[in-house]
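Chemist: Have a look at the structure that comes next, please.
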Amino acid sequence: MSTILTEIRRELKQNSDEAVKASGRKFFKEQIKPYGVKTAVVKIIAKKYFKAIKDTGKANIFDLCEKLWQSGYMEESFIASEWSYYLRKDYEPEDFTVFQKWVDTHISNWASCDTFCNHTMGAFVEMYPQFLENLKTWSWSSNRWTRRASAVSLILPAKRGLYLKEILEIADILLTDPDDLVQKGYGWMLKAASHAHRMEIFDYVMKKKNIMPRTALRYAIEKMPRELKMKAMEK
């Protein structure tokens, strides 16, 4: 199976573009480790090589994902995230331990955080909502990416109108977080929840706006009608 990783890395290098690498770096304050491959191409590569391993068992695929995460390359983290999401029908409660390790140990930028959490973690908590309590625990982490993960893992469930109670509880924990990327993460979560629960999110923002960072507030109200936005932004 190590030959699969060798082939993936060879193909990533072949598709590397210095202009893409330079452009991508502009979106990150922290240091990132990119090949410089467009996301659409990375997805094609992920799908192509998954066909060769899909029948080798979840444990083996997760082991390959671990090795991809360990490399530190952003595009390899995207492939690991794609592969873990492809296995969503086979998730079991004990997989949470694996997923938490990846979040706590390997995620080092917002793109890897969001790619993994939006899909793999979002699907996982929809299957096993008892782990919403664990996401609340993540909200207290000293790791900025684990805190962001607690919110962005709920983006897709939030859009479907799920877990409003837990979403507001996580927002409460993260409310005055000093990290702007955590603020953007929970603001995005609130914005997603506003699709199905507009007035509940508006009421929450109005109650908290005096202490909510403006970054989070702007994200939360982005999809609301103009008149509600204006009320929320009033000092």
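Chemist: Out of curiosity, is ASP114 within 26 Å of ARG160 (Cα to Cα), of a type outside the set (Val, Ile, Thr) and touching a Gly at 6+ places or on another chain (Cβ under 9 Å)? If you could, list the steps in order and put the result at the bottom.
Modeler: Values: within 26 Å of ARG160 (Cα to Cα): yes; of a type outside the set (Val, Ile, Thr): yes; touching a Gly at 6+ places or on another chain (Cβ under 9 Å): yes.
Yes, satisfied.
Chemist: For LEU228, are the conditions met, namely being under 19 Å from the mean Cα position of the chain (by Cα) and hydrophobic (A, V, I, L, M, F, W, C)? Spell out how you get there, then give the answer.
Modeler: Working: under 19 Å from the mean Cα position of the chain (by Cα): no; hydrophobic (A, V, I, L, M, F, W, C): yes.
No; evaluated as a whole, the condition is false for this residue.
Chemist: Return the residues of the stretch 59-75 that are closer than 25 Å to PHE27 by Cβ and touching a Phe, Trp or Tyr at 6+ places or on another chain (Cβ under 7 Å); say none if nothing qualifies. Spell out the reasoning first.
Modeler: Here is the first cut: in the stretch 59-75, the residues closer than 25 Å to PHE27 by Cβ are 65, 68-75.
Matches in the stretch 59-75: CYS65, TRP69, TYR73, GLU75.
Chemist: Then there is this: Within the stretch 202-219, identify whether any single residue is part of a helix (DSSP H, G or I), aliphatic (A, V, I, L, M), touching a residue at least 60 places away in the same chain (Cβ under 8 Å) and open to solvent by less than 70 Å² (accessible area, probe 1.4 Å), and answer yes or no. First the steps, then the outcome.
Modeler: The first filter runs over the stretch 202-219 and keeps only residues part of a helix (DSSP H, G or I), leaving 202-208, 214-219.
Add one more test, that the residue is aliphatic (A, V, I, L, M), and what stays is 205-206, 216-217.
With touching a residue at least 60 places away in the same chain (Cβ under 8 Å) added as a condition, the list becomes none.
No: the stretch 202-219 contains no residue that is part of a helix (DSSP H, G or I), aliphatic (A, V, I, L, M), touching a residue at least 60 places away in the same chain (Cβ under 8 Å) and open to solvent by less than 70 Å² (accessible area, probe 1.4 Å).
Chemist: Given (1) among the hydroxyl-bearing types (Ser, Thr, Tyr); (2) under 20 Å from LEU12 (Cα atoms); (3) crowded, with 20+ Cβ neighbours inside 10 Å, identify the lone condition not met by THR120.
Modeler: (2)
Chemist: Restricting attention to the stretch 129-172, and to residues there that are among the polar types (S, T, N, Q) and closer than 19 Å to SER81 by Cα, which single residue is surrounded by the most Cβ atoms within 10 Å (Cβ to Cβ)?
Modeler: Taking the stretch 129-172 and keeping what is among the polar types (S, T, N, Q), we get 130, 134, 137, 139, 141-143, 146, 150, 153.
Of the ones still in play, those that are also closer than 19 Å to SER81 by Cα are 146, 150, 153.
Values: THR146: 21, SER150: 29, SER153: 32.
Among residues in the stretch 129-172 that are among the polar types (S, T, N, Q) and closer than 19 Å to SER81 by Cα, the one surrounded by the most Cβ atoms within 10 Å (Cβ to Cβ) is SER153.
Chemist: Now a separate question. Look through the stretch 46-69, keep the residues that are among the aliphatic types (A, V, I, L, M) and open to solvent by 30 Å² or more (accessible area, probe 1.4 Å), and return whichever of them is farthest from the chain's Cα centre (by Cα).
Modeler: The initial filter retains those residues of the stretch 46-69 that are among the aliphatic types (A, V, I, L, M), namely 46, 52-53, 59, 61, 64, 68.
Retained after the next criterion (residues that are open to solvent by 30 Å² or more (accessible area, probe 1.4 Å)): 52, 59.
Numbers: ALA52: 26, ALA59: 22 Å.
Residue satisfying both the conditions and the ranking: ALA52.
Chemist: Right, here's the next one. Among the listed residues LYS223, LYS184, identify the single one that is of a type in the set (Lys, Arg), open to solvent by 20 Å² or more (accessible area, probe 1.4 Å) and in a helix (DSSP H, G or I).
Modeler: Working: LYS223 fails: in a helix (DSSP H, G or I).
From the options LYS223, LYS184, the qualifying one is LYS184.
Chemist: Hey, does the stretch 70-77 have a residue that's aromatic (Phe, Trp, Tyr), surrounded by 17 or more Cβ atoms within 10 Å (Cβ to Cβ) and in a helix (DSSP H, G or I)?
Modeler: Within the stretch 70-77, the subset aromatic (Phe, Trp, Tyr) is 73.
Now drop any that are not surrounded by 17 or more Cβ atoms within 10 Å (Cβ to Cβ), which leaves 73.
The next check asks that each one be in a helix (DSSP H, G or I); those that pass are none.
Among the residues of the stretch 70-77, not one is aromatic (Phe, Trp, Tyr), surrounded by 17 or more Cβ atoms within 10 Å (Cβ to Cβ) and in a helix (DSSP H, G or I), which makes the answer no.
Chemist: How do the pairs read when you match residues in the stretch 55-76 that are farther than 24 Å from ALA40 by Cβ with residues anywhere that are β-branched (Val, Ile, Thr), using Cβ under 6 Å and keeping only pairs 6 or more apart or on different chains?
Modeler: Partner pairs satisfying both residue conditions: PHE62/VAL98.
Chemist: Pairs needed: first member in the stretch 89-102, farther than 12 Å from PHE62 by Cβ and open to solvent by less than 60 Å² (accessible area, probe 1.4 Å); second member anywhere, hydroxyl-bearing (Ser, Thr, Tyr) and outside any helix (DSSP H, G or I); C-beta distance under 6 Å; at least 6 residues apart or different chains.
Modeler: Qualifying pairs under 6 Å: PRO93/TYR128.
Chemist: Which one is nearest to LEU175 (Cα to Cα), of the residues in the stretch 145-160 that are hydrophobic (A, V, I, L, M, F, W, C) and part of a helix (DSSP H, G or I)? Working first, answer last.
Modeler: Step one: of the stretch 145-160, the residues hydrophobic (A, V, I, L, M, F, W, C) are 145, 149, 151-152, 154-156, 158.
Now drop any that are not part of a helix (DSSP H, G or I), which leaves 145, 149, 151-152, 155-156, 158.
Details: TRP145: 16, ALA149: 15, ALA151: 11, VAL152: 14, ILE155: 17, LEU156: 20, ALA158: 18 Å.
Within the stretch 145-160, the match that is nearest to LEU175 (Cα to Cα) is ALA151.
The values are calculated or read from the model by the stated rules, or taken from the named source; none is laboratory data. Nothing here was measured: the structure is a model prediction, and the numbers come from that model. Cβ atoms come from the backbone with ideal geometry, glycine included; neighbour counts cover every protein chain shown. To get the accessible areas, we keep the full protein, side chains included, count just its heavy atoms, and leave off ligands, DNA and RNA. Shrake-Rupley method; radii C 1.70, N 1.55, O 1.52, S 1.80 Å.
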